[in-house]
Amino acid sequence: MDDPTLAAAAIHLRLLAVPALLRGDGVLLPLERKDAALLAMLAVDGPTPRPRVAALLWPDAEPKKARNNLRQRLFRLRRSAGRDVVDESGALALAAAVGHDQAAVQAQLAQDPSAVGGELLGSFGYEDCAELDDWVRSARERFRVRRRDARTGAADRTRRRRAA
């Protein structure tokens with residue numbers, strides 16, 4: 001448990017490799033595909049309007065049905081985690097007690113560029129939700145670029161130290 005965000009959080013959201021919630025009592029809760037996407041949006045983009053989330057996750061549903069699906073999904077997440085995972089008081093946001101691996105990525109990459117492995121949202125695919133699929137592809141690419149830049153920076157620093 002070297003990650004300070006994990007130690008400080010009652011729940012830790014893992015979005016790399018196999019998406020899951022790690023409760024404070026050590027119980028690991030694997031996330032379903034749409035739960036992982038919902039939580040990733042909130043971790044990566046921050047507070048997001050409820051109608052946008054519902055439309056991305058259920059693009060073929062009528063707005064009322066999509067909102068109901070979202071409400072049920074949030075209820076199931078709260079029940080399985082044993083506490084609020086999403087703050088629903090305004091735009092949807094991760095609850096204050098939720099830490100996530102994306103928060104510490106920059107620091108981890110700066111310390112050890114090989115420390116952060118895995119794909120954002122693992123092997124989950126979202127081809128059935130075109131706009132969500134676009135968002136996931138873009139978020140994955142942004143993450144890959146950050147990781148590549150950190151590795152390049154580490155290699156440059158190593159070369160400079162050896163040359164000095």
- Item | Filter pass, residue 162 being exposed (fewer than 11 other Cβ atoms within 10 Å of the Cβ) and not hydrophobic (A, V, I, L, M, F, W, C) | yes
- Task: List every residue pair whose Cβ atoms sit under 7 Å apart, with the two residues 6 or more apart in sequence or on different chains, where the first one lies in segment 1-30 and is under 15 Å from residue 85 (Cβ atoms) and assigned to a loop (DSSP other than H, G, I, E, B) and the second, anywhere, is among the charged types (D, E, K, R) and at pLDDT below 90.
- Result: 15/101
- Item | Test for residue 56: is it within 27 Å of residue 141 (Cβ to Cβ), touching a Cys at 6+ places or on another chain (Cβ under 8 Å) and surrounded by 21 or more Cβ atoms within 10 Å (Cβ to Cβ) | yes
- Identity of the residue in segment 68-109, part of a loop (DSSP other than H, G, I, E, B) and not aliphatic (A, V, I, L, M), that ends up surrounded by the most Cβ atoms within 10 Å (Cβ to Cβ): 101
- Criterion (of a type outside the set (Lys, Arg) and outside any helix (DSSP H, G or I)) met by exactly one of 138, 123: 123
- Message: Go through segment 1-15 and report how many residues are within 15 Å of residue 105 (Cβ to Cβ) and modelled with pLDDT of 90 or more.
- Response: 4
- In segment 113-142, anything in contact (Cβ under 8 Å) with a residue 40 or more places away in the chain, over 30 Å from residue 61 (Cα atoms) and either of a type outside the set (Val, Ile, Thr) or exposed (fewer than 11 other Cβ atoms within 10 Å of the Cβ) (or both) is listed as 113, 117, 118
- Message: So residue 154 passes all but one of these: (1) assigned to a loop (DSSP other than H, G, I, E, B); (2) among the small types (Gly, Ala, Ser); (3) over 15 Å from the mean Cα position of the chain (by Cα). Which condition number does it fail?
- Response: (1)
- Item | Set 72, 106, 102, 111: member being over 16 Å from the mean Cα position of the chain (by Cα) and at pLDDT below 95 | 111
- Query: What are the pairs, 6+ residues apart or on separate chains, where a residue within segment 31-57 that is assigned to a helix (DSSP H, G or I) has its Cβ under 6 Å from a residue that is small (Gly, Ala, Ser)?
  - Reply: 42/93; 44/139; 54/66
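The values are calculated or read from the model by the stated rules, or taken from the named source; none is laboratory data. Keep in mind that this is a model prediction, so the values were computed, not measured. Here Cβ is always computed from backbone atoms with ideal geometry, including for glycine, and neighbour counts include all displayed protein chains.
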